[in-house]
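I have placed the structure first, in the form of structure tokens, so that the comments after it can refer back to it.
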């Protein structure tokens, strides 16, 4: 039985990845900074409260438990919040990763260990290449993106030194597990409240920004494939399709029959704009499709309708 450790197991991706690994017969350890595991986390996960900056504790857990796969999904994942907490963002998303890689690969007991680093499409920022492939230039425009670029480069350095360190450059991916500070869940939950008469307006920032959105359940499958590959490498994980925030809102409103009232129900607040806005990010998934046989299975309409249905049920309950 392969032993896997999921760092950041309480987050959306951590919960879904741990479920996938359990279903595939892995023994799963989970680490999070919260005192208790998420209510969505399966009981079979061996959960331990450890901050990712506690490198010694994590390295000890890996060695003593004979962990063979490490998925680093821990970090501060909100671009907006990274502008408010740039120092902590760099500490958690980059410096902790750097120290962890040094610690675990300096231990001879971890020679066969495979390490997955969650990189981000935000690293591309204002790049001129569109869609973005694995070779596109990085041009980060937020503290979050800068921290992810540094961690990505550090991971590449370890891979070049002969260690099994792979990176997945994941584009936007959503689920019902997203907190409401993320635009997808803000839209789905607000639209559910609008339809129930519990809210009068959906207030948003830039509705013209376009992103490559996929379903998180598809993307954690990609993570596992990346680490099960015969060699360490880097892969873009994306749908290859662009949609605007406005498109997402319309899909949500359609689900509850309110799409003809868009102008009445949706309002703009300039305070919700990012200090630096990337208008368009789209991924090129051709490499992961050809080499690992992965492609996104869930379209945006299906995903948003699922999220609205979930929020309707939750609020009514």
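Taking the numbered list (1) closer than 27 Å to residue 184 by Cβ; (2) at pLDDT 95 or above; (3) part of a helix (DSSP H, G or I) in turn, residue 58 passes all entries but (1). Of the residues making up the stretch 293-312, those that are surrounded by fewer than 19 Cβ atoms within 10 Å (Cβ to Cβ), assigned to a helix (DSSP H, G or I) and either outside the structural domain of residue 194 (by TED's automatic domain parsing) or in contact with a helix residue (DSSP H, G or I) (Cβ under 9 Å, 6 or more places away or on another chain) (or both) number 5. With respect to the conditions (1) modelled with pLDDT under 95; (2) more than 30 Å from residue 261 (Cβ to Cβ); (3) in contact with a helix residue (DSSP H, G or I) (Cβ under 8 Å, 6 or more places away or on another chain); (4) not in a helix (DSSP H, G or I), residue 112 falls short on a single one, namely (3). Look at (1) at pLDDT 95 or above; (2) loosely packed, with under 15 Cβ neighbours inside 10 Å; (3) farther than 18 Å from residue 216 by Cα; (4) in contact with a helix residue (DSSP H, G or I) (Cβ under 7 Å, 6 or more places away or on another chain) and you find that residue 107 fails only one, number (1).
The residues of the stretch 18-46 that are buried (at least 20 other Cβ atoms within 10 Å of the Cβ) and in a strand (DSSP E or B), listed by number, are 28, 29, 30, 31, 32.
In this structure, does residue 257 turn out to be out of contact with any helix residue (DSSP H, G or I) (no Cβ under 7 Å at 6 or more places or on another chain) and either assigned by TED's automatic domain parsing to the domain that holds residue 197 or surrounded by 15 or more Cβ atoms within 10 Å (Cβ to Cβ) (or both)? Criteria met by residue 257.
One line per residue, one yes/no per condition, for (1) assigned to a loop (DSSP other than H, G, I, E, B); (2) touching a residue at least 40 places away in the same chain (Cβ under 8 Å); (3) buried (at least 19 other Cβ atoms within 10 Å of the Cβ):
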{"site": "217", "(1), (2), (3)": "no, yes, yes"}
{"site": "220", "(1), (2), (3)": "no, yes, yes"}
{"site": "225", "(1), (2), (3)": "no, yes, no"}
{"site": "230", "(1), (2), (3)": "yes, no, no"}
{"site": "235", "(1), (2), (3)": "no, yes, yes"}
{"site": "240", "(1), (2), (3)": "yes, yes, no"}
{"site": "251", "(1), (2), (3)": "no, yes, yes"}
{"site": "274", "(1), (2), (3)": "yes, yes, no"}
{"site": "278", "(1), (2), (3)": "yes, yes, yes"}
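Residues of the stretch 263-291 that are more than 18 Å from residue 132 (Cβ to Cβ) and in contact with a strand residue (DSSP E or B) (Cβ under 9 Å, 6 or more places away or on another chain): 265, 266, 267, 268, 269, 272. Filtering 180, 208 for residues that are under 25 Å from residue 19 (Cβ atoms) and surrounded by fewer than 19 Cβ atoms within 10 Å (Cβ to Cβ) leaves a single hit, 180. Just so you know, in the stretch 153-189 the residues that are assigned to a helix (DSSP H, G or I) and without any contact (Cβ under 8 Å) to a residue 40 or more places away in the chain include one that is farthest from residue 253 (Cα to Cα), and it is 160.
Please tell me if residue 55 is surrounded by 20 or more Cβ atoms within 10 Å (Cβ to Cβ) and farther than 22 Å from residue 216 by Cα. Step through it out loud before you land on a result.
Numbers: surrounded by 20 or more Cβ atoms within 10 Å (Cβ to Cβ): yes; farther than 22 Å from residue 216 by Cα: yes.
Here the answer is yes, as residue 55 does meet what is asked.
The values are calculated or read from the model by the stated rules, or taken from the named source; none is laboratory data. All figures in this text were calculated on a predicted structure; none of them were measured in a lab. Cβ atoms come from the backbone with ideal geometry, glycine included; neighbour counts cover every protein chain shown.
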